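Read the structure below first, then the notes.
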Amino acid sequence: MQKINKELLIIGAGPAGLGAAIYAYRAGINFSITDKYVAGGQIITTDEIDNYPGFYDNISGFDLMQNVVSHVKKFGVEIIEFCEISDIKINKSTKRIFICSSENYQFRVKSIIFATGASPKRLGVEGEDGLIGKGISFCATCDGALYKDKEVVVIGGGNAAIEEALFLTKFASKVYLIHRREELRASKAIQEKGFASSKMNFILNTEIIKFNGKDRVEEIILKDKKTGDIKNLKVDGVFEYVGINPNSRLLSGLVDFDEYGAILTDKNLQTSVAGIFAAGDVRNTPLKQVITATADGAIAATSAEKYLANL
């Protein structure tokens, strides 16, 4: 096992982690950055992004993040890919050193920026995996404008599902909201807004059993849970809102979480443990976007710089 001593370890090389890396380098911090997969984060599976400043002609998530990765590597920073940190311990003798271990590395560091993101819950039905990023999205704010005058489906029954469906009515010609229960879980006030929209169509007590499409989503197969009837619905896009899981389990028992498993931070992105910072979708952020994750990384790295200077 290779042992590495640094001032800072950035765990996660998505938008938040890469943003942190840029600012950590500029601050002169001696750091490492790792990711359990390839650098870039989940956004690399998105076909088009049209709300990131400076790319008004649209850019794919892959191309955008390759630009950011290149920016980081320009400084000579090594991104250690396929390195899953599986254990984090606090050195009991000093309580100022964190020992972060993976299969092949052991990092002894004075601070950590946790930027592991969050994973949207999936339906787990046939055809879903191959069409994610090809018509199946988890972010209406990111992709809604791509469906101007088209018909889309939102899956879910909570506040987020209806709020995002209402957002999509700004662009789509028709928005179907499909929920597997007879009643929606959203608040009555939000439900009323949804029912009042002429573009919204509610299909309740219905589940999706299959996605069809060659290169993009073309139709979904629905099953009425009362009658068992099966029907096909032609759509241009699908937005899933059946929950989200912050990738925070590694810090379980170390720092404080909210009721959804997101890491709690202060305005400086400091967690409940001095020296551990959280950035991006893994923390309790009100907006999960590339731009906010990248900004979080900058704040976390700046806060880490001040923390290290005061040790």
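The values are calculated or read from the model by the stated rules, or taken from the named source; none is laboratory data. Because the structure is a prediction, the values reported are computed rather than measured. Glycine gets a Cβ as well: all are built from the backbone with ideal geometry, and neighbour counts include every protein chain shown.
Could you tell me whether the stretch 155-173 includes any residue that is part of a strand (DSSP E or B) and not hydrophobic (A, V, I, L, M, F, W, C)? Looking for residues that are part of a strand (DSSP E or B) and not hydrophobic (A, V, I, L, M, F, W, C), one finds none in the stretch 155-173, hence no. Consider the stretch 102-124 and keep the residues that are more than 22 Å from the chain's Cα centre (by Cα) and buried (at least 17 other Cβ atoms within 10 Å of the Cβ). The one that is farthest from T292 (Cα to Cα) is Y105. Within the stretch 41-52, residues that are more than 18 Å from V217 (Cβ to Cβ) and free of Cβ contacts under 8 Å to residues at least 24 places away in the same chain reach partners that are among the small types (G, A, S) and surrounded by fewer than 18 Cβ atoms within 10 Å (Cβ to Cβ) with beta carbons closer than 9 Å, at six or more positions or on different chains, in the pairs I44/S60.
Note on the stretch 247-281: residues that are surrounded by 23 or more Cβ atoms within 10 Å (Cβ to Cβ), of a type in the set (A, V, I, L, M, F, W, C), more than 11 Å from I299 (Cβ to Cβ) and out of contact with any Leu (no Cβ under 9 Å at 6 or more places or on another chain) amount to 1.
Scanning the stretch 256-286 for residues that are in contact (Cβ under 8 Å) with a residue 24 or more places away in the chain and in a loop (DSSP other than H, G, I, E, B) turns up D258, Y260, A262, N268, L269, T271, V273, A274, G275, A279, N284.
Of all the criteria given as (1) touching a residue at least 12 places away in the same chain (Cβ under 8 Å); (2) touching a helix residue (DSSP H, G or I) at 6+ places or on another chain (Cβ under 8 Å), the one not satisfied by F55 is (1). Do you know which of the residues in the stretch 1-57 that are among the charged types (D, E, K, R) and assigned to a loop (DSSP other than H, G, I, E, B) is farthest from V290 (Cα to Cα)? If we take residues in the stretch 1-57 being among the charged types (D, E, K, R) and assigned to a loop (DSSP other than H, G, I, E, B), then K36 is farthest from V290 (Cα to Cα).
Just one of (1) part of a loop (DSSP other than H, G, I, E, B); (2) touching a helix residue (DSSP H, G or I) at 6+ places or on another chain (Cβ under 8 Å); (3) not β-branched (V, I, T) fails for G253. It is (2). Considering every residue within the stretch 85-97, establish whether at least one is of a type in the set (K, R), in contact with a Gly (Cβ under 9 Å, 6 or more places away or on another chain) and surrounded by 14 or more Cβ atoms within 10 Å (Cβ to Cβ). No, the conditions are met nowhere in the stretch 85-97. Scanning the stretch 249-257 finds no residues that are β-branched (V, I, T) and either over 23 Å from the mean Cα position of the chain (by Cα) or outside the structural domain of G275 (by TED's automatic domain parsing) (or both).
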